[in-house]
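Scroll down for the structure; my scribbles are underneath it.
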Amino acid sequence: MDLRDDLTPFEAVNYFFHKAADIDKLSDAAIAVLTGTYRELRVQVPVRRDDGSLSVHIGYRVQHNGARGPYKGGVRFHPSADLEEVRALASLMTWKTALVGVPFGGAKGGVQVDPTGFSQTELERLSRRYFGQIAHIIGPNRDIPAPDMNTNAQVMSWFMDEYGRRRGHTTQIVTGKPLALGGSEGREAATGRGVVQVMDRAVEVRELGVPRDLTLAIQGFGNVGSWAARLADEKGYRIVAVSDMYGAVHHPDGLDVPALVAHVNESGSVTDFAGSEPMDPAALLTADVDVLVPAAVGEVITHHNADDVRASIIVEAANNPVTPVADAALTERDVLIVPDILANAGGVTVSYYEWVQNNQELYWDETEVNGRLERKLEKAFDDTWKFYTETGEAASMREAAFALAVNRVVEAASLRGYL
Ligand code: NAD
């Protein structure tokens, strides 16, 4: 596949897949299966607004590959959640679950909507209607949704309730639920926790020194970005810049993260945080920091700004934040990129633990969950690093991660007899 700067998100993921297919020496038939998706459902989602009008949105559920287990993937409510983006995110889930070794396939859902102006009742109607439209392909051993951008534990509660109305009470139909409805200890922080864990390892292998000497910039301050900031701050890293969809702030000595979290909880944004200066959100990505953590939307580091990135490590907390052209330029400059399918896999790992706990109706404490998460990610990082540094076949951690993941999916699909 040619390296171009205008690839769609799904083509971009498949660009990385093709590198792995070369390393793993896949057949043309296997490539044909794995560069496509198993099922794509497009639904109309009409939502009654509080003023009596009807707004009509398009929703998707894409199931990419289920060779290794039930389909698994988040649902996002975002204006850019078109079919190509949802396909890309579904395929990333296939590779992510395989890389960390949780027994799921890959799926994703999305509704093309900007829910920022929605009241809570409008959000509930949107969530219930979307779930109702896709419910026939969802099931606790078939496809298990979870939160993603602009969806959260409350949205998962409505999804679970919708399913329960049809099929009876079923906690394991969604993950990322509130604790009161069968959620798991540690799930809310899990993606950010995993981001910080793999960041620690990347800092270690790059011999960058101790956290207090290292600076971080984090794009996005939602579930993933804010938890990554809190946990990195607790370890002593200096978080010097953060942003959200409304703007960016910085402080050269490090932001007071607990106070920032309180400010965001109160005001809804990082902007106007006392003790910080505003900054151009685009400049955050090229700030003079040691580690850059994109934790918001996809395709933010592109051919336009890759050459200006000054961080020596990028930890991809968001999905698909670096385009293939930018990835090649950064790899050429020896910037270490911890790829999304490893860096943000903490979320799906604890989602798996939530599903296990729901199935066995027996619940673990947070220490147990965090310990299991840490061991899983440690192994995934080690496997990837070893493949990257010892085989000589992968030009980057991303290529190594994809090569490992693709191999595992191909093995499962072959054993089941459809490859
Ligand atoms: P979220 O909705 O909780 O937060 C998103 C944050 O990004 C918000 O602070 C928002 O203001 C900000 N944002 C949106 N557009 C932006 C822009 N253009 N520039 C700067 N900031 C912007 O979402 P989340 O769950 O934290 O997800 C963030 C990313 O992490 C997504 O790419 C998602 O796919 C990925 N991810 C999430 C999970 C999870 O468990 N939630 C797991 C794996 C990966």
Exercise for the section: Could you check, for the stretch 31-40, whether at least one of its residues is more than 30 Å from residue 326 (Cβ to Cβ) and either in contact (Cβ under 8 Å) with a residue 60 or more places away in the chain or surrounded by 19 or more Cβ atoms within 10 Å (Cβ to Cβ) (or both)? Expected result: yes
Exercise for the section: Of the conditions (1) within 17 Å of residue 313 (Cβ to Cβ); (2) of a type in the set (A, V, I, L, M); (3) under 18 Å from the mean Cα position of the chain (by Cα), residue 245 clears all except one; give me its number. Expected result: (1)
Problem - Evaluation of residue 257 against (1) more than 25 Å from residue 327 (Cα to Cα); (2) within 15 Å of the ligand (Cβ to nearest atom); (3) of a type in the set (A, V, I, L, M); (4) in contact with a Phe, Trp or Tyr (Cβ under 9 Å, 6 or more places away or on another chain) (one fails), failing number - result: (4)
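Restricting attention to strands (runs of 3 or more DSSP E) lying wholly within the stretch 1-100, give those where 2 or more residues are more than 18 Å from residue 143 (Cα to Cα), of a type outside the set (Val, Ile, Thr) and touching a Pro at 6+ places or on another chain (Cβ under 9 Å). Reasoning before the result, please.
Values: elements: 39-48, 54-65, 71-77.
Hits in the stretch 1-100: 54-65.
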Exercise for the section: For the stretch 150-169, state whether one or more residues are farther than 27 Å from residue 118 by Cα, touching a residue at least 24 places away in the same chain (Cβ under 8 Å) and either within 11 Å of the ligand (Cβ to nearest atom) or assigned to a loop (DSSP other than H, G, I, E, B) (or both). Expected result: no
Exercise for the section: Of the numbered conditions (1) touching a residue at least 60 places away in the same chain (Cβ under 8 Å); (2) part of a helix (DSSP H, G or I); (3) among the acidic types (Asp, Glu), residue 185 fails exactly one; give the number of that condition. Expected result: (2)
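Mind listing whichever residues of the stretch 62-78 are of a type outside the set (Gly, Ala, Ser) and near the ligand (Cβ under 10 Å from one of its atoms)?
Our first condition is that a residue be of a type outside the set (Gly, Ala, Ser); within the stretch 62-78, this holds for 62-65, 68, 70-72, 75-78.
Passing the criteria: 76, 77, 78.
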Exercise for the section: Please find, within the stretch 309-347, the residue that is farthest from residue 3 (Cα to Cα) out of those that are polar (S, T, N, Q) and more than 10 Å from the ligand (Cβ to nearest atom). Expected result: 312
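Looking at 269, 351, can you tell me which residue is outside the structural domain of residue 213 (by TED's automatic domain parsing), within 16 Å of the ligand (Cβ to nearest atom) and either hydroxyl-bearing (Ser, Thr, Tyr) or over 21 Å from residue 223 (Cα atoms) (or both)?
On the way: 269 fails: outside the structural domain of residue 213 (by TED's automatic domain parsing).
Answer to the selection: 351.
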Completion exercise
Of 207, 266, 277, 188, the only residue that is of a type in the set (Asp, Glu), surrounded by fewer than 19 Cβ atoms within 10 Å (Cβ to Cβ) and farther than 22 Å from residue 309 by Cβ is 266
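The values are calculated or read from the model by the stated rules, or taken from the named source; none is laboratory data. Since the model is a prediction, treat every value here as computed from it, not as a measurement. As a convention, Cβ positions derive from the backbone with ideal geometry for all residues, glycine included, and neighbour counts pool all protein chains shown.
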